[in-house]
Structures are given as structure tokens and as C-alpha cells.
1. Out of all DSSP beta bridges in region 51-154, what portion is antiparallel? Express it as a percent rounded to 5.
2. Short version: ³J(HN,Hα) in whole Hz for each residue of region 160-168, in order, from phi by Karplus 6.51 cos²θ - 1.76 cosθ + 1.60 (θ = phi - 60°), x for Gly and Pro, what are they?
3. Provide the net charge surrounding Gln249, with neighbours chosen by a C-beta distance below 10 Å and charges set as Lys +1, Arg +1, Asp -1, Glu -1.
4. Skipping prolines and chain starts, which residues have an amide H placed within reach, meaning under 5 Å, of the one on Ile163, given they are 5 or more residues away or on another chain?
5. To the nearest 10 degrees, how steep is helix 94-110 against the longest Cα principal axis of the chain, on a 0 to 90 scale?
6. Of Gln241, Val24, Val214, whose Cα points farthest to the positive end of the dipole of the chain (charges on the beta-carbon: +1 Lys, Arg; -1 Asp, Glu; origin at the Cα centre)?
7. In whole Hz, what ³J(HN,Hα) sequence does region 270-278 give by Karplus (6.51, -1.76, 1.60; θ = phi - 60°), x for Gly and Pro?
8. How far is helix 317-340 tilted, in degrees, relative to the longest principal axis of the Cα atoms in the chain, given as a value from 0 to 90 rounded to the nearest 10?
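Read the figures in this text as sums done on the coordinates, not as results from a lab. Since we're looking at a predicted model, the values are computed, not measured. Cβ sites come from the backbone with ideal geometry, for glycine too, and all protein chains shown count toward neighbours.
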Amino acid sequence: MYNGKTLFAQLMDFLPWSTFTRLVALYDGDCRVRTLACAEQYRAMAFAQLTYRESLRDIETCLSAQASKLYHMGFREPVRRSTLADANEARDWRIYAEFAQRLIAQARRLYANDSLGLDLGNTVYALDSTTIDLCLSVFPWAHFRTTKAAVKMHTLLDLRGNIPSFIHVSDGKLHDVHALDLLLPEPGAIYVMDRGYVDFDRLHALHQAGAFFVTRAKSNMDARRVYSAPCDRSTGIICDQTIALAGTQTSQHFPEQLRRIRFKDAETGKTLVFITNQRTLPAATICALYKSRWQVELFFKWIKQHLRIKRFYGTSQNAVKTQIWIAVSVYVLVAIVKKRLDLDASLYTLLQILSLTLFEKIPILQALSMDQPKTENIDQGNQLNLFDS
């Protein structure tokens, strides 16, 4: 893979370009395109993500500074900011969305055997959304509130490897619970989510599909206790009950019994009430599963800090979605490289290394494994002493 290639070119070699070519043909991405084909657009935007570029002018300047290396990085000619802007506006964002999904499928296979920290064979997903604030005067199509614009990124995170298995980008007004309508439930999988997703009609659809859910109960939930199982209060488990919903509407939307677990967190002193349709796992495991939901919050924090999805290179809906999906694909690509090369470094460390070394012609394994070259012992026998009298 090395053969004198730049680190950027070696990284791009991990991408399934034949799949990308088929997607470009499917959406006529390169139809009547004379300069900056979709593959070059992707490379330029991936370069921007990996090197933390702030604007189209920033991308153009940095690439033109290394003009002699552009051909070997996959660019047929210099990248102009106006051309890149036009590409982001015109090329169908679904090309990059579907390409990211193919990478996600690849990454999930690589991380399928990773440990969850729990003795579980089930696939565990965390479902949540994050809001990306925008300026209403610049992004009028993303209307959120009276004086504010935003887009939402609804994400289903596979907790084995923290790989996003499903992402939907919507305007800021779409309520979180509607993301459940977009999911194809996986039988036997466990979906962990917060109270914003409590809709018993939708949760019953998950239950009928053979999937499990773990969430927190709302304070106004009307339910009656059917049975109380014995529990060890020294572990923080106050009660483990079987309940039936008693509300007029909720009892019709979810006519079957649920499990309610009341847990007191020793660290914060807060009492949390969980509801689930999973009857066989220990109560402590249910509590631990909900605690693992925090991983999706960390994922959102990580990509906002280390990828460019808070400042956009274009203002149209197509340009914004293109940038978000390419950012996601870059995150997943680095995760794939980490697994395939069996690297111990974190994704943050790998991104920091790549941001400084993309134009270097060194083997990628050597660069990312942080192997330090051995320093040779220099014979100082003939070296003059500056302070000899």
C-alpha cells in the first residue's frame, strides 16, 4: 500500500471506491461535470475534515500550497473554492449518505465482537439526537424557532465500537420520538433511549417486532403494580416490579405488562425509574444498560469538537447534508483503519496525527502507531570541546 504514496492517498485506499463509483452513477453525480468529479469533491471535503479547515478559501489555500502532490492524492487539477462550492450545492447529498452507510456496515462487522463491558450477546443501540445551531438569516430553510435555525442529527449508535448504525438529518423542529418511525427494528436487539422517546404506541411496535427497549419513565406515568420481585437494596435497586399501564390511552397503546425498576444512584443521590419490556436480565444489568446510553452523548460531543459540522462551507440544504455525511464517513473511515491496522491509539489521537502528516510520504502503519525511529549513537570522539582552554 505504501509505494511512496502520501499518507492521505494511503488513507483513501481504505475506501471502497468501486462502491462509490456505482453510487455516483446511480444519482448521475458526474453528469455534465467537466472539473472536480464527485470523487475529487469527496477527497477535498475529507481533507478539510481531517485537517480542520475553516472555509472554502482555507481548503483552496492549503491544497495549492502542496500543488506538486495533488495528482498523487487523487486530484487531476488544482481545487478552486468556487468549483468546490458549486459541487457542494449541486451534487446529490444522497451519494455521500449512502456511501457513509456502506462504510458503517463495514465498520460494524469489524467491531461486532468487541466487548460491551456487560455479559450480553444482544446488540445494544443508544438512540438520541443532537441539535446543530445555525443562523436563520443564512439558513432560512432550516427554520427552528422565531429567531433561530437548526438541523437535528438523529443517531442510533451501536455501542460495540460506538459506530453509528443509523443517522437521519432533519430540520430542528422534528421531535425526537418521530425517529422511532424511521427505524427498522432488529429482533433481539436492545434499544436504550431517554424519556423523549416514550411513546407507548411506538414502543409497542418495537415490542411486537421482537426488540427490547430500556428507557426512563415520565413522572406522570399512570400504572399499577402487578408483582414485586425481591431485590438487593445494597446495590441501589429500590424495587423491581411488573406493572400494567392504567391510563385510558396508554393501556390501549401498550396493552401488555412492563417491568419497572427504581434505582438510587449513590454518587448523585438521584432516584431514577426505568421501564423496559426485557424480563429476564438482572435489574442491575438494566441500570447499567441505561448508563451506557451516555456513550451517544459522548459521540455527539466528540464529532462536534473534532469534525467540521458546526461551521459549514455552504448554506443550502444540499451543501449542509453533504458536509455532515462526509464528516460521518471520515469518522467511520478512521475507525475502520484503527481496527484493520490493530492500533491502540484513540480516534482522537489518530485524527491529530493525520491532521499534521497527510502530505508526508511514510507508511501509514508507522505514522499511526507512533513508532519512534531509533536514534543512532554518534561517535563524538573527534568532536571539539567548545570550552577547552
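1. Details: 8 of 8 bridges.
Restricted to region 51-154, the bridges split so that about 100 percent are antiparallel.
2. Working through the residues one at a time gives 8, x, 6, 9, x, 8, 8, 9, 10 Hz.
3. Numbers: positive: none; negative: Asp201, Asp222.
Combined, the nearby Lys, Arg, Asp and Glu give -2.
4. Asp158
5. So the inclination is approximately 80 degrees.
6. Value: Gln241.
7. Along region 270-278, the couplings run 7, 9, 10, 10, 9, 10, 7, 9, 8 Hz.
8. On a 0 to 90 degree scale, this one is about 80.
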